[in-house]
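What follows is a short report on a single structure.
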Amino acid sequence: MGLQPASRRILVVEDSPLNQMLVTAILAQAGHRADTANNGLEAVMAAQAGGYDLILMDLSMPEMDGLTATRLLRDLPGPAGRVPVVAMTADTDEADRVRCQDAGMNDHVAKPVDRVLLLETVEKWLRAASAPVRSAGFGACAPAAPTVVGEVLDREVLAQLAQDLDAELLSDVLRQFVEETRERVARIAGETDRAVLTREAHTLKSTAGTFGARALCSAARALEMACRASVAEPKGVKGDGTADAVERLRGEIPQLAGDAIAAYRAAGYPV
């Protein structure tokens with residue numbers, strides 16, 4: 001990409017170990033050095049030490065979310081407070097882009113992560129390290145809609161992953177995805193707190209989309225929206241079925257996860 005790998009250090013702020021593995025692998029293959037932070041608080045502490053050329057920041061994380069972390073980063077003195085911050089999130093509508101910009105972020109990359117668009121955005125902001133924190137060029141780098149084959153898996157997403165990662169690493173991250181998904185689905189099935197369900201569904205939506213679990217991703221997205229709508233309903237006001245939708249989706253997701261795992265195995269992936 002025309003950059004000096006030894007001089008480019010990137011902080012990946014992401015609470016999912018699976019997404020950390022994937023993004024750092026993509027960055028490493030492009031010649032960049034990548035460190036990771038599990039939440040916004042760790043990111044601020046790491047940034048205070050200095051030395052980063054770019055920060056990739058998830059939004060929804062425990063301990064401290066990405067928006068709060070970015071606001072704190074912008075208050076840091078010297079170069080640490082001017083490091084470009086690129087949002088990396090499954091939330092990609094206009095309101096989310098405005099929230100990111102208002103917090104002081106420079107740009108926005110959608111998840112599931114598209115390798116080419118991620119690296120193009122990284123290069124753009126590494127080259128523009130002296131640009132203002134709030135740029136008129138802020139915008140989402142949403143990947144093109146995939147071509148879907150089948151009801152369960154998106155074969156094109158898997159084919160792209162096979163191009164981006166070597167076979168051993170792809171097998172490793174798919175196994176990690178399956179393990180993480182089993183744990184997350186179990187929490188969804190046993191949880192009733194709407195805020196927790198929203199957070200779990202949001203992360204499942206992102207990881208399932210990243211690894212082409214099409215039907216599971218759609219159900220997780222629907223569960224997240226239903227939970228948000230349920231929380232937003234005024235007390236004492238009977239909703240239009242949002243609570244029923246939450247329960248229905250909680251019941252469907254374990255089966256959809258099982259279908260996805262079986263489909264990976266049928267496609268020849270050792271999960």
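The values are calculated or read from the model by the stated rules, or taken from the named source; none is laboratory data. Given the structure is predicted, the values throughout are model-derived calculations rather than measurements. Neighbour counts are summed over all protein chains in view; Cβ atoms, including those assigned to glycine, are modelled from backbone coordinates with ideal geometry. These accessible areas exclude ligands, DNA and RNA; they are computed on the full protein's heavy atoms, side chains included. Shrake-Rupley method; radii C 1.70, N 1.55, O 1.52, S 1.80 Å.
Listing for the model above:
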read-out	value
Amide hydrogen neighbours beyond the local backbone of Leu153, cut-off 5 Å, H modeled	Arg214
Among Gln29, Asn106, Leu73 - extreme Cα towards positive end, dipole of the stretch 1-112, charges at beta-carbon	Gln29
Under 5 Å, built H, 5+ apart or other chain: amide partners of Leu54	Arg9, Leu11
Charged-residue dipole, Cβ positions (Lys, Arg, Asp, Glu), the stretch 178-222 about Cα centre, Debye nearest 20	200
Protection proxy ranking of 178-189, 158-169 - average other beta-carbon atoms within 10 Å, highest first	178-189, 158-169
Residue-wise HN-Hα coupling along the stretch 247-258, computed from phi with Karplus coefficients 6.51, -1.76, 1.60 (Hz; x: Gly, Pro)	5, 5, 5, 4, x, 7, 4, x, 5, 5, 5, x
Accessible carbon and sulfur surface of the stretch 6-55 relative to its total accessible area, %, 1.4 Å	50
Approximate spin-label separation Val196-Asp102, in nm, with each point projected 7 Å along Cα-to-Cβ	3.0
Separation of the Glu183 and Leu76 label points, Cα + 7 Å toward Cβ, nm	2.8
Rounded to whole Hz, the Karplus (6.51, -1.76, 1.60) HN-Hα couplings of the stretch 163-170, x for glycine and proline	6, 7, 10, 6, 4, 5, 5, 4
The stretch 1-75 - charge dipole about Cα centre, Lys and Arg +1 at Cβ, Asp and Glu -1, debye rounded to 20	340
Order by protection proxy (mean Cβ within 10 Å, highest first), peptides 18-24, 171-177, 209-215, 47-53	209-215, 18-24, 171-177, 47-53
Under-5 Å amide H pairs with Met88, H placed in peptide plane, nonlocal only	Met57, Asp58, Leu59, Val109
Cα-based Rg / Dmax (Å) for the stretch 48-131	12.3, 33
